[in-house]
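K.L.:
Please find one structure pasted underneath; my questions will follow.
The values are calculated or read from the model by the stated rules, or taken from the named source; none is laboratory data. Keep in mind it's a predicted model, so treat the numbers as computed, not measured. Cβ atoms come from the backbone with ideal geometry, glycine included; neighbour counts cover every protein chain shown. Surface accessibility is based on the protein's heavy atoms, side chains included, excluding ligands, DNA and RNA. Shrake-Rupley method; radii C 1.70, N 1.55, O 1.52, S 1.80 Å.
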Amino acid sequence: MKIAHITWSMTTGGIETMLVDIVNEQMKSCEVRVFVVNDYYDIDLLDRIGKKVKVTLLKRKSGGKNLWPIIRLNLLLLQYHPDVIHCHVANLASIIRVPFKKVLTIHNTHSSSEYFGKYDRLFCISNAVKEVTVQQGFPDVTVVYNGIHTNDIAVKDFLCSSDSGIKRIVCVGRLHKDKGQRVLLEAANELVNNRKRTNFFIELIGDGEDRESLEKLVDEQGIRLYVSFVGKKPRSWFYPRLKDYDLFVMPSISEGFGLTLAEACSAKLPVLTCDLSGPVEVIDGGRLGDTFKTGDAIALADGIENFLSSEVRVNQINAAYEYVKKNFDVVMTAQRYVEEYENLKK
């Protein structure tokens, strides 16, 4: 099978990282090419794509009026003649003019449906995203969960863990308002300054446009002793170290799924997540972790305080680990897409 994956950019965001993982699995059984339309890409991420995959950088200026990169894309697609074109942003349909099957993965719950009708098949990364898509008037959608490299993540051993008294809390993600780090910092402020809780330390792994304002907030609240901005880290740094933390928190304001939540479960960490339907789906409706009301710093503070005051629920953590291994491994994600591509040919 010949597959063409198309994306506007190739940065270190969740969509593009997921794309690289899928491509690297699909290349084991299919011929795969990747087309990046705009001149906005991360070399390190591109370097992670397997050598068997041909990557074409069309280098269109974002927002520019030069039509040649788009014409070239269509000419290259005609030459390649793929069995399926897999798009990862809906409005890519506006520039593809070749007569091949086109599919789209919808990655979040706030995607515009303007271009959905131009695709032969729609995929959603979770039932939460599917529910919104159906409400938008597109009932014929298929859920294909995002996946992670479950076997690459080091696992916490509770028998060997020592209790130092200070609980290390980790939050992983781009520093952006949608990811809710501000809510977590406000919860930390509540714990330290109002409840006099000082037996925790929060580490924010990631970088982004909100870092300056978040650092300012930390200083204004006087909680610098309890918060560290670790910065952006590659998986090679992150996967071996995740097990060293005591609690994973996902404070997102908007989230269609929650890959980092699945990664935390795969490392056997206790998890505390916002109650958005996408992340809650990762923990099987809340059975495998704790939740708090989305955007509510006091509710998050309550959740953290409850964790600080309670025994670790090892049985729940082990169940979450098994659930993630069974449902959210990237090998299964990639294969499921290939099976759905084959169905298009019938």
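K.L.:
If you plug each phi of the stretch 55-68 into the Karplus form 6.51 cos²θ - 1.76 cosθ + 1.60 with θ = phi - 60°, what whole-Hz ³J(HN,Hα) values come out, in order, with x for Gly and Pro?
P.N.:
Going residue by residue, I get 10, 10, 9, 7, 6, 6, 6, 4, x, x, 9, 6, 7, 4 Hz, with x marking Gly and Pro.
K.L.:
What does DSSP give for the stretch 124-272 in terms of the percent of beta bridges that are antiparallel, rounded to the nearest 5? Present the calculation step by step, with values, prior to reporting the outcome.
P.N.:
Numbers: 1 of 16 bridges.
Close to 5 percent.
K.L.:
May I pose another question? Hey, any idea what % of the stretch 14-53's accessible area is carbon plus sulfur with a 1.4 Å probe?
P.N.:
49
K.L.:
Greater than 25 Å separation of Cα atoms is the criterion. Which listed pairs, 268/293; 179/232; 61/101, meet it? Don't skip to the answer; put the middle values down first.
P.N.:
Values: 268/293 23 Å; 179/232 15 Å; 61/101 27 Å.
Exceeds cut-off: 61/101.
K.L.:
Loop-only check: which trypsin sites (Lys or Arg not before Pro) in the stretch 178-215 are DSSP coil with at most 10 other Cβ within 10 angstrom?
P.N.:
Details: sites: 179, 182, 195, 196, 197, 211; in loops: 195, 196, 197.
Taking the stretch 178-215 and a limit of 10 other Cβ atoms within 10 Å, the loop trypsin sites (Lys or Arg not before Pro) found are 196.
K.L.:
Carbon and sulfur atoms: what percent of the 1.4 Å accessible area of the stretch 166-270 do they account for?
P.N.:
Working: 1940 of 4140 Å².
Answer for the stretch 166-270: carbon and sulfur cover 47 percent of the accessible area.
K.L.:
With the other protein chains left in place, how much accessible area per residue, in square angstrom, belongs to the chain at a 1.4 angstrom probe?
P.N.:
Values: 15570 Å² over 346 residues.
Each residue of the chain exposes 45 Å² on average to a 1.4 Å probe.
K.L.:
Same structure, new question: If one computes the Cα centroid of the stretch 63-120 and of the stretch 170-231, what distance in Å separates the two points?
P.N.:
The stretch 63-120 and the stretch 170-231 have Cα centres spaced 39 Å from each other.
K.L.:
While we're on this one: May I ask you to give the percent of accessible area on the stretch 54-143 that is carbon plus sulfur, with a probe radius of 1.4 Å?
P.N.:
Numbers: 2270 of 4510 Å².
Taking all protein chains in place, the stretch 54-143 shows 50 percent carbon and sulfur surface.
K.L.:
Test of understanding: what is the full-extension gain from residue 154 to residue 213, defined as 0.36 nm times their sequence separation minus their Cα-Cα distance?
P.N.:
Working: separation 59, 0.36 × 59 = 21.24 nm, distance 3.27 nm.
Gain on stretching residue 154 to residue 213: 18.0 nm.
K.L.:
Let me ask something else about it. How large is ³J(HN,Hα), in whole Hz, for each residue of the stretch 203-214 in order, when computed from phi with the Karplus curve 6.51 cos²θ - 1.76 cosθ + 1.60 and θ = phi - 60°, using x for Gly and Pro?
P.N.:
Residue by residue, the stretch 203-214 yields 10, 9, 9, x, 9, x, 5, 8, 4, 4, 5, 5 Hz.
K.L.:
Taking H as built 1.01 Å from N, whose amide H comes closer than 5 Å to the amide H of residue 291, not counting residues under 5 places away?
P.N.:
The list, which skips near neighbours in sequence, is 273.
K.L.:
As an exercise, identify the trypsin sites (Lys or Arg not before Pro) in the stretch 300-337 lying in DSSP coil whose Cβ has no more than 16 other Cβ atoms within 10 Å.
P.N.:
Details: sites: 313, 325, 326, 336; in loops: 313.
Filter output for the stretch 300-337: 313.
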